[in-house]
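Q: I have a structure I would like to understand better, so I am pasting it below and will then ask my questions one at a time.
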Amino acid sequence: MNEADPQITGVTADAGLAARLDRTNELLQRMLVEVAKTPSTHAIFVDAGYVYAAAGLLVTGTEDRRSFDLDAEGLIEAFIDKARTIFADSRLLRVYWYDGARRRIHTTEQQAIAELPDVKVRLGNLNANNQQKGVDSLIRTDLESLARHRAISDAALVGGDEDLVSAVEAAQGYGARVHLWGIEAGEGRNQAEPLLWEVDSQRTFDLDFCRPYVTRRPVTMYEDDTPAPSREDVRFVGAQIAAAWLAARGRESLADLLPGHPYLPGSVDQDLLVEAERLLQHSLRGHAHLRRALRDGFWQHLQAQY
């Protein structure tokens, strides 16, 4: 048997290698073309509790939601427009709006936001002190899931809580870039430093940006030239409000209040006062004995149900 010519064998091997390289280059070029055709995608994640507190304080001087109205639709559209400018070659997946609600049941305002195009409302719970619970974990779940499935390349996060650091780390671990958006603070900062350190970029919206979307509510005044209600009338109203409070929040919420007796958390006490004045059509400001009667009626009803 004649041995193969080494020169011919080498030429054949070189030709085969060249063919494989050409095939690999062709596949890479196709892949690059497909990647070029596929736009990057971004999503906006809004911690509504942060937005209400920061924007309310900046524009009206108070974090109390009852003292001002927030044009959520207008603000969301402003965020979308800003993202179009920043992520010029990217398409919007959607806006995620995270808020709290009693028993995670949408309020009328939250229902209206949920009906907006390209917006998804995600609800955590509210405890007896009107504090959000579970919102940070919802943000982390969504951020991590979207980054893991390559559904987004960039995430604009509007918030300031240090607990969001883990959400940022999780998304970055899958290759997504996280951009922190905040609202200007009158003094100091309203975003945690560890969160600022972790993100890929930062942006702050100033008073001029926020002012069109925040409007102070007119203060309802009650005439004080009418006779003040009696202690028994006020006590009865306190019990009436307690019954409505208990029906809305459930008996399990009592556990958060009872250890503090005879004191009420500030937010609950303020709600009690505002609702009592509405029902009585009389101001209780400056009537310490009537406010004590109001709290007594409130507590008396709650303790009777325990």
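Q: Can you give the FRET efficiency for residue 258 and residue 137, using 1/(1 + (r/R0)^6), R0 = 30 Å, r = Cβ-Cβ distance, to the nearest 0.05? Show your work: numbers first, answer last.
A: Values: r = 27 Å, r/R0 = 0.91.
For residue 258 and residue 137, the calculated efficiency is 0.65.
Q: Within segment 52-161, what whole-number % of the accessible surface is contributed by carbon and sulfur, with the 1.4 Å probe and all protein chains included in the calculation?
A: 44 percent
Q: Taking only C-alpha pairs under 8 Å that are 6+ residues apart, what is the relative contact order of the chain in percent?
A: Numbers: 432 pairs, mean separation 52.4, N = 306.
With pairs under 8 Å counted, the relative contact order is 17 percent.
Q: Name the most mobile residue of 181, 245, 97, meaning the one with the largest mean-square fluctuation, in a Gaussian network model of the chain with Cα contacts below 10 Å.
A: 245
Q: Quick one: which residues, 5 or more positions from residue 93 or on another chain, have an amide H under 5 Å from its amide H? H modelled 1.01 Å from N in the peptide plane, none for Pro or chain starts.
A: Correct list: 42, 43.
Q: If amide hydrogens are placed 1.01 Å from N in the peptide plane, which non-local residues have theirs closer than 5 Å to the one on residue 182?
A: Excluding prolines and chain starts, which carry no amide H, the hits are 203, 204, 205.
Q: Report, in deg cm²/dmol and to the nearest 500, the calculated mean residue ellipticity at 222 nm for the chain, where each DSSP H run with n ≥ 4 adds -39500 (n - 2.57) and the sum is divided by the residue count.
A: Working: 12 runs with 156 residues, N = 306.
My calculation for the chain gives -16000 deg cm²/dmol from helical runs alone.
Q: In square angstrom, what is the accessible area per residue of the chain with a 1.4 angstrom probe?
A: Numbers: 17370 Å² over 306 residues.
Accessible area per residue, the chain: 57 Å².
Q: Given springs between every Cα pair under 10 Å in a Gaussian network model of the chain, which of 233, 71, 154 has the largest fluctuation?
A: 233
Q: For the residue pair residue 84 and residue 231, what label-to-label distance in nm results when each label sits 7 Å from Cα along the Cα-to-beta-carbon direction?
A: Going by the 7 Å Cα→Cβ label model, 6.4 nm.
Q: Simple spin-label model, 7 Å along Cα-to-Cβ: residue 25 to residue 196 in nm?
A: Taking the simple label geometry, residue 25 and residue 196 are separated by 5.1 nm.
Q: Suppose we flag GluC sites (Glu not before Pro) only when DSSP calls them loop and at most 12 other Cβ atoms lie within 10 Å. Which is the longest uninterrupted stretch of the chain? Kindly include the intermediate steps, with their values, before the conclusion.
A: On the way: sites that count: 3, 115, 187, 223.
Segment 4-114 is the longest.
Q: Another one. Here are a few candidate values for Cα Rg over 2.2 N^0.38 Å: [x] 1.24; [y] 1.51; [z] 1.01. Which one was actually calculated from the structure I just gave you?
A: Computed from these coordinates, Cα Rg over 2.2 N^0.38 Å corresponds to label [y].
Q: Also, quick follow-up: Mind checking which helices in the chain clear 24 Å along their axis (Cα) and have mean Kyte-Doolittle hydropathy of -0.5 or more, DSSP H runs only? Working shown, then result.
A: Details: long enough: 6-37 (47 Å, 0.02); 231-249 (27 Å, 0.26); 288-305 (26 Å, -0.87).
Span-like helices in the chain: 6-37, 231-249.
The values are calculated or read from the model by the stated rules, or taken from the named source; none is laboratory data. Worth saying up front: this structure is predicted, and the values here are computed from it rather than measured. Glycine also receives a Cβ, built like all others from the backbone with ideal geometry; neighbour counts cover every protein chain displayed. We work out accessible area using only protein heavy atoms, side chains counted, and drop any ligands, DNA or RNA first. Shrake-Rupley method; radii C 1.70, N 1.55, O 1.52, S 1.80 Å.
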